[in-house]
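A.B. asks: Next up is a structure, given as structure tokens.
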Amino acid sequence: MKSTSKQQMKTLIAVSIIALVALALVSQLHFAYAQLAQQENTKQYLNLRAEVWNLFFRMTTAAFTVGAIVSGTMIWLVWRFRESNPKNKAPTKWEHLEDPTAGSYEEEGH
Amino acid sequence: MGHDTAEWVFVAVVIAVLVYVGVDSWIVQKEVEDVPADAEVIKVTGQQWFWSFEHADGTKEISTLHLKKGHAYKFEIYSRDVMHSFNIPDWVVFEDAVPGHTNHAWFAPNEVGTYPIQCREYCGLLHYNMRGSLVVEDDKS
Amino acid sequence: MVLELQKPRPVWQIMFSTHHTDVGYLYTITGLTFLFMAGVLAMIIRTHLFFPGEGVLVSDSATFNRIFTVHGLTMLFLFALPVANGIGNILVPIMVRYKDMAYPKLNAIAFWMNPVGGALLWLGFADVSWVSYAPYSIIRAPGPAADMFIFGMKILGISSILSSINFVVTVLKCKHPDLSLRRVPLFAWSMLTVSLMTLIAMPTYAAALIMMLTDRLGLSGFFNPFAGGDPIAYLHLFWFTFHPEVYIFLLPAIGMMYEIIPRFSRKPLYSQASGVFAFVMLGIIGFASWGHHMYSTGMDFTTKVVFMIGTLAAVPASGMHVFNFLATMWGARIRFAAPMKFAVGGIALFFSAGAGGVLNSAMPLDFISHGTYWVVGHMHLFLTGTIGFGFVAMVYYMFPYITGRMYSEKWANVHFIGMFWGTVQVFFTQHLLGLEGMPRRIYDYPPEFTSWTQLNQIATVGAWILGASFAVFLASLIYYSAKGKPANMDDPWGLGGKYYYPVAAKNPHGGHSGY
């Protein structure tokens, strides 16, 4: 149990780092956008709609990045831990309890 | 067990994303709220169920607003009866018209054309039809 | 057992009962009835918007305005609140190991206010929209519909305050002494949190309703700018109640998922403590974000920033719930019976709606999204996608225990696929409509706006799919409660183990011996 939960943690941390890297890239995108906007718009006034829409697209990029990670994890969870998956033939270690949901990780784990 | 660590890492990532969202919106909002000093004032009045406009020189228009490309305009938004919301979707101009209050919005059109104006706050029977149009023309002068 | 067909009881015995399970059944059935009634209104709205400029089904905007008002009010106050209260009534006393709710008669009174309030709303059929912004609701909305709306909402508000008092006392004072508050099941925690929130939030709106009534009568001018008042004051009072109310709708659904997900994962919950923490956090932070509904009313920059931070602060706690669910499913052996399908679908859509919510909180994006179909899509994605899925999951979960019979897994599957597909198709499309600039609450739109027409038609087809899936739901609820196979009451889904809470609810008059 100890090793699996460590692995789980490692996976989670790896996923999180990917998210952070993706977000760092997003802000680079912002920089590129801003430069483009400056080249294009030599007028004296701020291009209000461009600013707002650029913000929108940056935010949706962030949202979809995080969304892809979360829903990807979820789809994988649903596929991997469904009871019909051949890997899940063996009952979990809580199933011998009177109520599996009333078990705990500490007492049963080791 | 490591449960707590995984969860804290997750929460930290979420907070990092949120800080990014907050800071970026703060920056953009600050920029967007900064009205150019030379913006021409247009008084916009909403009432059930049409918009009327008054230019700085006193010219009045109903439903159709004529503006010039390359100038900045500041809208002073009033309402004569219930709440409305002055909105030009194509130019991201949007602010509520609240009776008893004066609200502001601004923009600087840089393209000629005709754009719809609409009401975005429910205001009764003909709310759906409280439409107008914005005509942006070349500055000939 | 109440609706159990082997031992039927006359219907009046249930109606005049003050027992918590009986009142719970009444709440749930009333809530579901109103769900289908409001669903019909939704189908009318969507079908109408399929044909721009033709006035199909609804030929005037006055009727249309009344329909969307009553649709909203019914879904929120006559479906979401009663069903949460109903399931809460059935399970909370058992979860805290008490024989009944703390005040059984008060409980029955609180329930019977619902049909009365509902009758006032439906007979009045007001056109104020569910937010009923002043000054429209004061100076222009036609009576007596608007006055009936005020009284109906008043009664529903009192009802929800009474039932909240009941839940708070039941959990905090009647809890079994051996059961520490930390170990109270999370569904009971969610009901406790939302009840405390209701007690803080609801009186504000109750006061605002009275002020609105006296304003309408011309006795005062609190919100009437033509009598020296300020409509913005109404908005503050309204959203101070109804932003927290969003969490009041949401948290019971999350609590239901906490009951279902470990059960069908055959595994203990990942972390009770983080669930409790996240509920309490949401309960507190829910009060810090009401201003994000009012960015465009002429709010100054600093206030906007404060409310943006308040809004964003609620996200980590919501994320902790999602994490908790996913971590519970990790390493499990999941049986995807209907309740689990709906619960997992609900989590997926909860995340999508939450991501949209983060975008909403960003101040400049308000220019694009506020008052458009983006908001309609966002808030329906929460209400259908999370709250609706959670409630439906719980209805399937309780079904064998309430009726003694089993629903059909095949038809539940049809319902699930239709509901998930429909929800995604309608409400994601409505987000796009919002980006195209279509305002909400409009009776008609120019047919020459082709992008609006196309997106509306896509959304309408989705709504038909959603509506059809609910027709399947209704039919199977009725059919299988009478003709379904008798359920194995000890273990209806063959998961192994004992289902303490619903089993105890099954036998209300014999006490329960689950412990």
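The values are calculated or read from the model by the stated rules, or taken from the named source; none is laboratory data. Since this is a predicted model, take the numbers as computed values, not measurements. Note that each Cβ is placed from the backbone with ideal geometry, even for glycine, and that neighbours are counted across all protein chains shown. Accessible surface is based on the protein model in full, side chains and every heavy atom, while ligands, DNA and RNA are left aside. Shrake-Rupley method; radii C 1.70, N 1.55, O 1.52, S 1.80 Å.
A.B. asks: So how tilted is helix C:231-265 from the main axis of chain C? Cα-based, degrees 0 to 90, rounded to 10.
C.D. replies: So the inclination is approximately 30 degrees.
A.B. asks: Long-range amide H contacts for B:Leu134: which residues qualify at under 5 Å (H placed 1.01 Å from N, peptide plane, sequence gap of 5 or more or a different chain)?
C.D. replies: B:Leu65, B:Tyr115, B:Ile117
A.B. asks: Summing -39500 (n - 2.57) over the DSSP H runs of n ≥ 4 in the protein assembly as shown and dividing by its residue number, what mean residue ellipticity at 222 nm do you reach, to the nearest 500 deg cm²/dmol?
C.D. replies: Here the helix-only value at 222 nm equals -20500 deg cm²/dmol.
A.B. asks: Something else now. Would you mind checking which residues have amide H under 5 Å from A:Arg82's amide H? H placed 1.01 Å from N; only 5 or more apart, or other chain.
C.D. replies: C:Ile334
A.B. asks: Next up: Could you compute the FRET efficiency for B:Val112 and C:Ile417, with r as their C-beta to C-beta distance and R0 at 45 Å, rounded to 0.05?
C.D. replies: 0.35
A.B. asks: Need the list of lysines near C:Lys304 for cross-linking: C-alpha distance under 21 angstrom, and skip anything on the same chain fewer than eight residues off.
C.D. replies: B:Lys30, B:Lys74
A.B. asks: Next question. Could you tell me the calculated FRET efficiency between C:Phe287 and B:Glu33, based on Cβ-Cβ distance and R0 = 22 angstrom, to the nearest 0.05?
C.D. replies: 0.25
A.B. asks: Starting from the Cα gyration tensor of the range B:40-137, multiply each eigenvalue by 5, take the square root, and state the resulting semi-axes largest first in whole Å.
C.D. replies: 20, 14, 12
A.B. asks: Once R0 is set to 56 Å, what does the formula 1/(1 + (r/R0)^6) return for the Cβ-Cβ distance between C:Asp300 and C:Met406, expressed as a FRET efficiency to the nearest 0.05?
C.D. replies: Between C:Asp300 and C:Met406 the formula returns 0.45.
A.B. asks: Between chains B and A, what is the buried accessible area in Å², counting both sides, with a 1.4 Å probe and ligands, DNA and RNA left out, to the nearest 100?
C.D. replies: Chains B and A together bury approximately 2600 Å².
A.B. asks: While we're on this one: Report, in whole Å, the centroid distance computed from the Cα atoms of the range C:344-383 and the range C:193-267.
C.D. replies: Cα centres, the range C:344-383 to the range C:193-267: 19 Å.
A.B. asks: In square angstrom, rounded to the nearest 10, how much accessible surface does B:Val13 have for a 1.4 Å probe?
C.D. replies: Spelled out: B:Val13, probe radius 1.4 Å, area about 20 Å².
A.B. asks: Ordering C:Leu269, A:Leu20, C:Leu251 from largest to smallest accessible area (1.4 angstrom probe), what's the sequence?
C.D. replies: Solvent-accessible surface, decreasing: A:Leu20, C:Leu269, C:Leu251.
A.B. asks: Tell me the relative contact order for chain C as a rounded percent, counting alpha carbon contacts under 8 Å between residues six or more apart.
C.D. replies: Taking the mean separation of contacting Cα pairs over the length of chain C, I get 16 percent.
A.B. asks: I've got another one for you. Test of understanding: given chain C, find the longest segment containing no GluC sites (Glu not before Pro) that are in a DSSP loop and have at most 11 other Cβ atoms within 10 Å.
C.D. replies: That would be C:55-447.
A.B. asks: Let me ask something else. What distance in nm separates the two pseudo spin-label positions at A:Lys87 and C:Leu474, each 7 Å out from Cα along the beta-carbon direction?
C.D. replies: 4.4
A.B. asks: Less than 21 Å apart at the alpha-carbon level, and either on another chain or at least 8 residues along: which lysines does that give for C:Lys173?
C.D. replies: Within the straight-line cut-off, C:Lys173 pairs with C:Lys99, C:Lys105.
A.B. asks: Please list, or write none, the lysines whose alpha carbon is within less than 24 Å of the alpha carbon of C:Lys267, excluding same-chain residues fewer than 8 places away.
C.D. replies: Reachable lysines: A:Lys2, A:Lys6, A:Lys10, A:Lys87, A:Lys89, A:Lys93, C:Lys341, C:Lys498, C:Lys506.
A.B. asks: In nm, to one decimal, how far is the modelled label at C:Glu54 from the one at C:Phe277, with both set 7 Å along Cα→Cβ?
C.D. replies: 5.6
A.B. asks: Oh, and also: Among C:Ser274, C:Val461, C:Ile45, whose Cα sits farthest toward the positive end of the charge dipole of the range C:19-510 (+1 at Cβ of Lys/Arg, -1 at Cβ of Asp/Glu, about the Cα centre)?
C.D. replies: Result: C:Ser274, furthest along the dipole toward the positive end.
A.B. asks: In degrees from 0 to 90, rounded to the nearest 10, what is the angle of the helix B:3-32 Cα long axis to the longest principal axis of chain B?
C.D. replies: So the inclination is approximately 20 degrees.
A.B. asks: Spin-label point model (7 Å from Cα, Cβ direction): what's the C:Thr47 to A:Val21 distance in nm?
C.D. replies: Taking the simple label geometry, C:Thr47 and A:Val21 are separated by 5.3 nm.
A.B. asks: Take C:Leu186, B:Leu126 and sort them by solvent-accessible surface of the protein heavy atoms, 1.4 Å probe, largest at the top.
C.D. replies: B:Leu126, C:Leu186
A.B. asks: Next question. Excluding ligands, DNA and RNA, what is the accessible area buried between chains C and A, summed over both sides, using a 1.4 Å probe, to the nearest 100 Å²?
C.D. replies: Using a 1.4 Å probe on protein heavy atoms, the buried area is about 3300 Å².
A.B. asks: Hey, another quick one. Can you pull out the trypsin sites (Lys or Arg not before Pro) in the range C:55-164 that DSSP calls coil and that have at most 15 other Cβ atoms within 10 Å?
C.D. replies: C:Lys99
A.B. asks: Then there is this: Taking just the alpha carbons, could you work out the radius of gyration and Dmax for the range C:19-510, both in angstroms?
C.D. replies: 21.9, 68
A.B. asks: Right, here's the next one. Scan the range B:69-137 for GluC sites (Glu not before Pro) in coil per DSSP, keeping those whose Cβ has at most 12 other Cβ atoms within 10 Å, and list them by number.
C.D. replies: Passing sites in the range B:69-137 are B:Glu111.
A.B. asks: Here's a follow-up. If you wrap a convex hull around the Cα atoms of the protein assembly as shown, how much volume per residue is inside, in Å³?
C.D. replies: 151
A.B. asks: How much accessible area per residue does the protein assembly as shown have, in Å², with a 1.4 Å probe?
C.D. replies: Normalised by residue count, the accessible surface of the protein assembly as shown is 38 Å².
A.B. asks: Here is a follow-up. In the range C:110-144, which residues have a backbone nitrogen under 11 Å from the label point lying 7 Å from C:Ala62's Cα in the Cα-to-Cβ direction?
C.D. replies: C:142-143
A.B. asks: How far, in degrees from 0 to 90, does helix C:186-216 lean away from the longest principal axis of the Cα atoms of chain C, to the nearest 10?
C.D. replies: Once rounded, one gets 30 degrees.
A.B. asks: In Å² (nearest 100), what accessible area is buried between C and B, both sides summed, heavy protein atoms only, 1.4 Å probe?
C.D. replies: Protein heavy atoms only, the C-B interface buries about 4200 Å².
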